Amino acid sequence: MKKNIAFMLIALLLCAPAASYAAQEVNVYNWEDYIADDVLALFEQETGIRVNYMRFTTNEDMLVQVRADPTNYDVIFPSDYIIERLISEDLLDTLDYENIPNAANLMDWLKAPSYDPAGEHSVPYMWGTVGILYNTSMVSEPVDSWAVLWDTAYENNVFMMDSIRDTIGVAMKLLGYSINERSQEALDLVKDKLIEQKRAGIVKAYQVDETKDKMIAGEAALAVMWSGDAAYAMSYNEDLAYVVPKEGSNVWVDGMCIPKGARNKENAERFIDFLCRPDIALINFEEIWYSTPNAGTVAMLDEETLADETIFPTDETIARCEFFKDIAADIQRYNRVWLAVKSAR
Amino acid sequence: MVMKRLRWVYIALVLVFLYAPIVVLIAYSFNASETRAVWGGLSLRWYAELFRDKGIMDALYVTVSVALLATMAATVLGTLAAIGIHSMRSGMRAVFMNVTNLPMLTPDIVTGVSLMALFIFAKLPRGYGTMLLAHITFDTPYVIFSVLPRLKRMNKHLYEAALDLGATPSRALVRVILPEISPGMVTGALLAFTMSLDDFVISYFTSVRTANLSVLIYSMTRRKVPPTINALSAIMFVTVLSLLLLVNRRDARSDKSKLKGA
Amino acid sequence: MVEDFHLIELENVTKVFDGVNALSRINLYIRRREFVTLLGPSGCGKSTTLRLIGGFETPTEGRVLFEGADITNVPPYRRRVNTVFQKYALFPHLNVFDNIAFGLKIAKVSRADIKRRVGAMLELVGLVGYEKRSADALSGGQQQRVAIARALVNEPEVLLLDEPLGALDLRLRKDMQLELKNMQQRLGITFLYVTHDQEEALTMSDTIVVMRDGCIQQIGTPKSIYDEPKNAFVADFIGESNILDATMIKDERVLFCEREFACVDRGFGEMNPVDVVLRPEDIQVVAPDQGQLAGVVRSALFKGVHYEMIIDVGCALLKVHSTVMQPEGAQVGVSVVPFNIHIMRKYAAPCGGAA
Amino acid sequence: MSVRRGNGPGLRRSMFAAPYGLWMLIFTMAPIFIIVFYAFTIGGKPTLENFKLFLEPEFVGILTFSLWLAFLCTVICLVFGYPTALFLASRDLKRSAMMAVLFVIPMWMNFLLRTYAWMSLLEDTGLINRFLTFIGVGRKKLMYTENAVLFGLVYNFLPFMIFPIYSVLKRSDLHLEEAAQDLGANGWQVFLKVTLPLSLPGVVSGVSMVFMPAVTTFVIPRLLGGGSFMMFGDLIENQFLTTGDWNFGSALSLIMMALILISLGFLNNANPEGEEGALW
């Protein structure tokens, strides 16, 4: 009897993982906290395709994994400059818009973006800005400049982003450079600036996904944050406010792409198409609070939401911002600066 | 007498240090409120939700099944290897022992990245399967190092005695050698199982598709840890505690009965 | 008692371990119902010989025959021999009954038969009532008996015993020697016995095979080996001896200690260097002027039945056993009768003399 | 009738290790080979640049920081662990085996859970700070500091120091201590002359069991250091998973392995008996 039970247990164990490869599936590699769980469930329900959902924290982490094994993923969600990088490394498949009819719902200005001029490798998923989320009960003065992040009055009260381009970008902007500046002179200044900020004890921590909950809990006064996460946090804590500083910032678009050699390309296109459906994009929007590029979805929103400048920044704000560009091999010099900052004591 | 009391105080303090976070986790698991900041009264809510949380349940299944399968494979592989190594000439044995020592001395992170490099090189999608392979790899030496001493202590003529009495080599193995080394196999399997259950670093590098509990908890600590994890901690703690107490009691009892028998 | 039938035969057997000869071209046969002892110091190859017959080793060269058939490559579990191992090798996870029944269970003997035969064995070795005991919980002597019973219950043609009494204390050993010999005679089974204890060999054996460095030095009955050792090694190993350098002047005349002695040996040529062996009990102590050699007593020890004295005769120190003690420093004479002067060829290579 | 060939059962049984040998070839040797290959090449061309790069001050700084923190952690574990082991092993302690089990149990909890638990204690709005605020001391910065990382290391690795020492002391011949007392040594002398030397093998294995994982960890500094403290393990993880420079990452891995092997060799030399106190 005991033997039989043991045998059945083994059989069960062996079958279960095998079963997961048998059915129709799609391997999705998306940012942490970047989709509504309901959307995944709905997709599986409607199509019968099983979603293997994997998460990453920063563009750079994702890039490494996709480079290492592009066939492991069917749909990925890189940002603009990474899409540029992936295209230049010939890692992205071209999309067949026949299979993505809902892409027609996209706003026109995103149909042929600079990072993917032909629009054949990516379909925009969300867009947003980088700015400062601050707690009005802890910050009395008006916040309108990155300089506030270097104010020693906020010692141990600032969350910086554990993301190389975003954080270096912030310092670049503060120093008056473009966020795509590559000169060593600028990089050295940025390095000194960031180390100065760290040594002054202003930085509480470098992190990404954990920040919004900590801001909600009131663990710090200021944080560098993506607009959607900011909107999410603000919806939980009324003291929080978001600003895109006057020096300018980064405006970004995250796209949906299919790596070359993806095992389930058809399912991937179905998945992308599904996310482009206005009703689905709405569910997503209401969960993660990033700006949707979906004109159909925007049409469904009420006035008050549309007036929220965190989610839908004004033209004037966007004019201050620029896209990240792929900096190609210069990323190595960026890396060195970033490591120097991270390891400084 | 004062000395003795001081000792107790000291031990108690160290125990408090070791248990404080665990006690906190368990206490929070009964907190009805969602955030730790507020005590919302006693509730079993998180225990109920724990079993409904698909992510956690999946990860739990992955953890336990990988640990079980890896332990079984490592026990077979390691026991055979130990028997083989035991009967080797010294030169060959030294080679095998060094190779066996290597994964034990290699830092987890190096084992992790090197296996990741291997799987990527071999174009194996990193998921359940690769995690299992990695676990078998780091589990097997534990079995070997538990079985080898038993083999060394075993009267080397036992195997020959079985052959002499008419048992074929395979029967001699099953009827004489295996019973002799089975305590070592059990120890090795337990060690391997524990190592597997607890592993984070190697799983983190060798699987992207599938998360075991450690990897899931790691990704949760980087965002927001749901209170269900507190409930899970409490359950795990109580399970381990009762298992250890059980084993301890059984040991004590069998020791007593041995004494009686002699 | 012993039949003149070659039950086991080793033909030109050589065994090499890691480039070292453990056995060099051994030829040996064992007759049915014979009690054969392989005797020699450790490392002489006696255990290897036993293991070759048991099937635990395969010879590098040569053949092992059983009833005339080649069994060189037959595995141990197909050989009709059983072994009593040095440290008994009882299965620790089994009790006494299951240990003894092990071979029978493998052979799929019926349960009732197993019970009967194991019972008979327990009676034979005097362990009735110990069936349920764990093997660990027995004394050394009891474990020994279980090991013997475990082997004998399979009714082997030959029982191989590898220093079976080595781990027992002296008293128990003496008892077991007699018991084993009795058992062998009663059951009529061939015993091949390995020991380094010459006394044990002399007490129990029908035939003794003296070995050294992988070679057989001498094969013979205990008496012939004791009385007529073929070389100084055998003489020294079998009992205590005084071995002296000597020159064979001619047949029946030998020179040692600057004196000519009469002896009974012939055929060693003329003026050839030889060894002379004198047993301590064969040397007579007489008055200083009556001996063939004169000497001084250097030490004297009481040994129970006799005194052991060391007598310095100038050319050598002689060990002498005598019932009469001479005090230390006493001037004495010693003499040996011609019959007790054993002449041997000078010992050369271990395999040279015996071939 | 089956015929046996070869040199007896030894050779055939050694073949039992063949599957394992093959396994280790694929899953231990091959990965190391890949790492060595990456470490000594860039773009497939042989070079030592990866190792040269390591000599840059920020990388050497990361290494020395890791070593320093691991060293502090080992010293603290030894200072607090040794008396614990000593008291646990004392003869007059009732139910000492049971007590020992109490020290094992926390180790059976997933270490991420334990570390997470400390986070919830140490964070600004955590229990300790709320208590401090309550008694009027006010909030202290407890998390995301060097001390928080050190604290996390000590918490996780303390049992690894206690156990080897405990088991060596428990095993050691207690009559020696009695003999020493008999010969007129007082308590302190007994400890210095007998107990301490006897327990040295346990100390050595405890030190290696604490120091090694402490110097290589990347999770604890990540969680408790808030990304502000980079240890050697972080750097390797960072090279493999974020920067994607596998060549440099591999070189770092080799450096770490060499470091471990050298310190183990050093520790084994320091071990008078060459015997390790077993944890189990």
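The values are calculated or read from the model by the stated rules, or taken from the named source; none is laboratory data. None of the values given here were measured: they were computed from a predicted structure. Here Cβ is always computed from backbone atoms with ideal geometry, including for glycine, and neighbour counts include all displayed protein chains. We work out accessible area using only protein heavy atoms, side chains counted, and drop any ligands, DNA or RNA first. Shrake-Rupley method; radii C 1.70, N 1.55, O 1.52, S 1.80 Å.
The single residue among B:41, B:78 that is open to solvent by less than 40 Å² (accessible area, probe 1.4 Å), farther than 18 Å from residue D:113 by Cβ and touching a helix residue (DSSP H, G or I) at 6+ places or on another chain (Cβ under 9 Å) turns out to be B:78.
Selection of the stretch A:99-111 for residues being farther than 27 Å from residue A:69 by Cα and open to solvent by 60 Å² or more (accessible area, probe 1.4 Å) yields A:101, A:104, A:108, A:109, A:111. Filtering the stretch A:51-64 to residues that are in a strand (DSSP E or B) and surrounded by 19 or more Cβ atoms within 10 Å (Cβ to Cβ) leaves A:51, A:52, A:54, A:55, A:56.
Taking the stretch A:79-90 as the range and being of a type outside the set (Lys, Arg), crowded, with 20+ Cβ neighbours inside 10 Å and within 14 Å of chain D (Cβ to nearest Cβ) as the test, the residues that pass are A:82, A:86. For the stretch A:126-182, a residue qualifies if it is surrounded by fewer than 17 Cβ atoms within 10 Å (Cβ to Cβ), of a type outside the set (S, T, N, Q) and not in a loop (DSSP other than H, G, I, E, B), and the qualifying residues are A:147, A:153.
Scanning the stretch D:31-49 for residues that are in a helix (DSSP H, G or I) and more than 14 Å from chain B (Cβ to nearest Cβ) returns a single hit, D:49. Only one of the numbered conditions (1) open to solvent by less than 40 Å² (accessible area, probe 1.4 Å); (2) more than 14 Å from chain B (Cβ to nearest Cβ); (3) at negative phi is not met by residue C:62, and that is (3).
Within the stretch C:286-309, restricting attention to residues that are closer than 16 Å to residue C:257 by Cα and part of a strand (DSSP E or B), the residue that is most open to solvent (accessible area, probe 1.4 Å) is C:294.
For the stretch D:188-208, indicate whether the set of residues that are within 26 Å of residue A:203 (Cα to Cα) and open to solvent by 10 Å² or more (accessible area, probe 1.4 Å) is non-empty.
Step one: filter the stretch D:188-208 for residues within 26 Å of residue A:203 (Cα to Cα), giving none.
No - not one qualifying residue is present in the stretch D:188-208.
The test for being crowded, with 17+ Cβ neighbours inside 10 Å and either more than 22 Å from the chain's Cα centre (by Cα) or modelled with pLDDT under 95 (or both) holds for residue A:208. Among (1) farther than 27 Å from residue D:121 by Cβ; (2) in the same structural domain as residue B:142 (by TED's automatic domain parsing), there is one condition residue B:4 misses while meeting the rest; what is its number? Result: residue B:4 fails condition (2) only.
Evaluating residue D:133 against the criteria (1) more than 10 Å from chain B (Cβ to nearest Cβ); (2) closer than 17 Å to residue B:24 by Cα; (3) among the polar types (S, T, N, Q); (4) surrounded by fewer than 21 Cβ atoms within 10 Å (Cβ to Cβ) leaves one unmet condition, (2). The single residue among B:178, B:259 that is within 13 Å of chain C (Cβ to nearest Cβ), open to solvent by 20 Å² or more (accessible area, probe 1.4 Å) and at pLDDT 85 or above turns out to be B:178. The one condition from (1) away from chain D (no Cβ under 14 Å); (2) under 26 Å from residue A:81 (Cβ atoms) that residue A:42 does not meet is (2).
Do we find a residue being in a helix (DSSP H, G or I), within 8 Å of another protein chain (Cβ to nearest Cβ) and touching a residue at least 24 places away in the same chain (Cβ under 8 Å) anywhere in the stretch C:81-103?
Of all residues in the stretch C:81-103, those in a helix (DSSP H, G or I) come to C:96-103.
Next, from what is left, pick out any that are within 8 Å of another protein chain (Cβ to nearest Cβ): C:102-103.
From what is left, the residues that are touching a residue at least 24 places away in the same chain (Cβ under 8 Å) are C:102-103.
Checked the stretch C:81-103: at least one residue is in a helix (DSSP H, G or I), within 8 Å of another protein chain (Cβ to nearest Cβ) and touching a residue at least 24 places away in the same chain (Cβ under 8 Å).
Selection of first residues in the stretch C:211-226 that are under 21 Å from residue C:346 (Cβ atoms) and assigned to a loop (DSSP other than H, G, I, E, B) and of second residues that are among the β-branched types (Val, Ile, Thr) and open to solvent by 10 Å² or more (accessible area, probe 1.4 Å), restricted to Cβ pairs under 8 Å at least 6 apart or on distinct chains, gives the following pairs, ordered by first then second residue: C:214/C:48.
Inspect the stretch B:36-45 for any residue being outside any helix (DSSP H, G or I), closer than 22 Å to residue B:216 by Cα and not assigned by TED's automatic domain parsing to the domain that holds residue B:174 and give the result as yes or no.
Within the stretch B:36-45 (the criterion being outside any helix (DSSP H, G or I), closer than 22 Å to residue B:216 by Cα and not assigned by TED's automatic domain parsing to the domain that holds residue B:174), the answer is yes, since at least one residue qualifies.
Rundown of residues vs (1) acidic (Asp, Glu); (2) in contact with a Leu (Cβ under 7 Å, 6 or more places away or on another chain); (3) modelled with pLDDT of 90 or more, yes/no style:
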residue: C:209; (1), (2), (3): no, yes, yes
residue: C:221; (1), (2), (3): no, no, yes
residue: C:230; (1), (2), (3): no, no, no
residue: C:242; (1), (2), (3): no, yes, no
residue: C:254; (1), (2), (3): no, no, yes
residue: C:267; (1), (2), (3): no, no, no
residue: C:272; (1), (2), (3): no, no, no
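Given the criteria surrounded by 24 or more Cβ atoms within 10 Å (Cβ to Cβ) and either away from chain A (no Cβ under 14 Å) or closer than 18 Å to residue D:44 by Cβ (or both), does residue D:250 qualify? Spelling it out, residue D:250 is indeed surrounded by 24 or more Cβ atoms within 10 Å (Cβ to Cβ) and either away from chain A (no Cβ under 14 Å) or closer than 18 Å to residue D:44 by Cβ (or both).
Could you say which residue among C:247, C:207 is out of contact with any Pro (no Cβ under 8 Å at 6 or more places or on another chain) and of a type in the set (Val, Ile, Thr)? Please lay out each step first, then the result.
Working: C:247 fails: out of contact with any Pro (no Cβ under 8 Å at 6 or more places or on another chain).
Being out of contact with any Pro (no Cβ under 8 Å at 6 or more places or on another chain) and of a type in the set (Val, Ile, Thr) holds for just one of C:247, C:207, which is C:207.
Can you name every one of the helices (runs of 4 or more DSSP H) wholly within the stretch B:132-249 that holds 3 or more residues which are farther than 30 Å from residue A:61 by Cβ?
Values: elements: B:157-164, B:169-172, B:178-198, B:201-206, B:213-221.
In the stretch B:132-249, the matching helices (runs of 4 or more DSSP H) lie at B:157-164, B:169-172, B:178-198.
Taking the condition farther than 30 Å from residue B:202 by Cα and touching a helix residue (DSSP H, G or I) at 6+ places or on another chain (Cβ under 9 Å), does residue D:136 pass? No, not satisfied. Scanning the stretch C:218-237 for residues that are open to solvent by 50 Å² or more (accessible area, probe 1.4 Å) and among the β-branched types (Val, Ile, Thr) yields C:219, C:221.
Selection of helices (runs of 4 or more DSSP H) fully inside the stretch A:233-345 by the criterion of at least 2 residues being open to solvent by less than 20 Å² (accessible area, probe 1.4 Å) and in the same structural domain as residue A:168 (by TED's automatic domain parsing) returns A:331-343. Only one of the listed residues (D:84, D:74) is farther than 22 Å from residue B:215 by Cα, more than 8 Å from chain B (Cβ to nearest Cβ) and of a type outside the set (Phe, Trp, Tyr). That residue is D:74. Of all residues in the stretch C:29-56, those satisfying the criterion of being open to solvent by less than 10 Å² (accessible area, probe 1.4 Å), touching a residue at least 60 places away in the same chain (Cβ under 8 Å) and not in a helix (DSSP H, G or I) are C:30, C:34, C:35, C:36, C:37, C:38, C:39, C:40, C:44, C:45. Among the residues of the stretch A:199-224, just one is without any contact (Cβ under 8 Å) to a residue 60 or more places away in the chain, under 12 Å from residue A:135 (Cα atoms) and small (Gly, Ala, Ser), namely A:217. Taking the criterion of being more than 7 Å from chain D (Cβ to nearest Cβ) and among the aliphatic types (A, V, I, L, M), the residues of the stretch B:93-108 that qualify are B:94, B:95, B:97, B:104.
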